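Structure provided below as structure tokens; questions to follow.
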Amino acid sequence: MKVILLADVKKVGRKGETIEVSSGYATNYLIPRKLAMLSTEANQNKLAKDNAAEEARQKALKAEAEEAADKLRGVSVEFKAKVGSDGRMFGSISPKQIEDECFKQHGIKIDKRKFIDKYPANAIGYTRLKIELYKGSEGEVIGTVSVHISEDK
């Protein structure tokens, strides 16, 4: 029986593939669990239409990410921190704080989970952190945010 997979199924195939499986496996396992649908002409057309819509959505997401990367290129997020007598900073600036300040100061929305450099900024001066803004079939878009930490007096 020919079926179109609606999700990745281990040792069977990946989402969107048309495969041949036994009729019992298809009717008793794959179809009731919404992991597959019968391979008919109507379902093939629906799959092609869904794939085209998904491709358009991915292109839009990538364009949005490239726009955000361009905005981030000239942006510096400012922080003030207390410094000890030896010149070392107390505490550190976390990715969550950078995310919040980037939105407050410049109106750019980024996700703290997308930081490639997971370490917190903990030095006086400028630090450049990379952010993965988009990752998909069309490639990836990486932006860089500049964090300036100055001494709080």
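The values are calculated or read from the model by the stated rules, or taken from the named source; none is laboratory data. What you are looking at is a predicted structure, and each value in this text was computed from that prediction instead of being measured. Backbone-built Cβ (ideal geometry, glycine too); neighbour counts: all protein chains shown. All accessible areas refer to the heavy atoms of the entire protein, side chains included, with ligands and DNA or RNA removed. Shrake-Rupley method; radii C 1.70, N 1.55, O 1.52, S 1.80 Å.
Of all residues in region 79-91, count the ones that are closer than 12 Å to ALA121 by Cβ and at pLDDT 85 or above.
Looking only at that region, the number is 2.
Follow-up. Being hydrophobic (A, V, I, L, M, F, W, C), touching a strand residue (DSSP E or B) at 6+ places or on another chain (Cβ under 8 Å) and either open to solvent by 70 Å² or more (accessible area, probe 1.4 Å) or at pLDDT 90 or above (or both), is that true of even one residue in region 95-102?
No - not one qualifying residue is present in region 95-102.
Is it the case, given these coordinates, that GLY74 is at pLDDT below 90 and open to solvent by 30 Å² or more (accessible area, probe 1.4 Å)?
yes
Return a yes/no flag: does region 109-130 have any residue that is assigned to a strand (DSSP E or B), open to solvent by 20 Å² or more (accessible area, probe 1.4 Å) and within 27 Å of GLN58 (Cα to Cα).
The answer is yes; a qualifying residue exists.
Also, I was wondering about something else. For region 131-153, enumerate the residues that are open to solvent by 50 Å² or more (accessible area, probe 1.4 Å), closer than 23 Å to LYS59 by Cβ and not in a loop (DSSP other than H, G, I, E, B).
LYS135, GLU140, ILE142
Given the criterion surrounded by fewer than 12 Cβ atoms within 10 Å (Cβ to Cβ) and out of contact with any Phe, Trp or Tyr (no Cβ under 6 Å at 6 or more places or on another chain), identify the matching residue among ALA53, ALA7, ALA26.
ALA53
Each row is one residue, and each column tells you yes or no for (1) touching a Ser or Thr at 6+ places or on another chain (Cβ under 8 Å); (2) polar (S, T, N, Q); (3) within 30 Å of GLY16 (Cα to Cα).
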position	(1), (2), (3)
LYS34	no, no, yes
THR40	no, yes, yes
ASN45	no, yes, yes
GLU78	yes, no, no
GLU99	no, no, no
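Could you please let me know if ALA65 is closer than 16 Å to LEU133 by Cβ and surrounded by 13 or more Cβ atoms within 10 Å (Cβ to Cβ)?
Here the answer is yes, as ALA65 does meet what is asked.
Going by what's in this entry, would LYS59 be described as farther than 30 Å from GLY16 by Cα and open to solvent by 30 Å² or more (accessible area, probe 1.4 Å)?
Spelling it out, it is not the case that LYS59 is farther than 30 Å from GLY16 by Cα and open to solvent by 30 Å² or more (accessible area, probe 1.4 Å).
Criterion first (open to solvent by 30 Å² or more (accessible area, probe 1.4 Å) and of a type in the set (Phe, Trp, Tyr)) does PHE90 satisfy it?
yes
Hey, another quick one. Kindly indicate whether THR18 is more than 21 Å from SER137 (Cα to Cα) and open to solvent by less than 90 Å² (accessible area, probe 1.4 Å).
No: the conditions fail for THR18.
Residues that are touching a residue at least 60 places away in the same chain (Cβ under 8 Å), at least 2 per element: which strands (runs of 3 or more DSSP E) completely within region 2-107 meet that?
Qualifying strands (runs of 3 or more DSSP E): 76-81.
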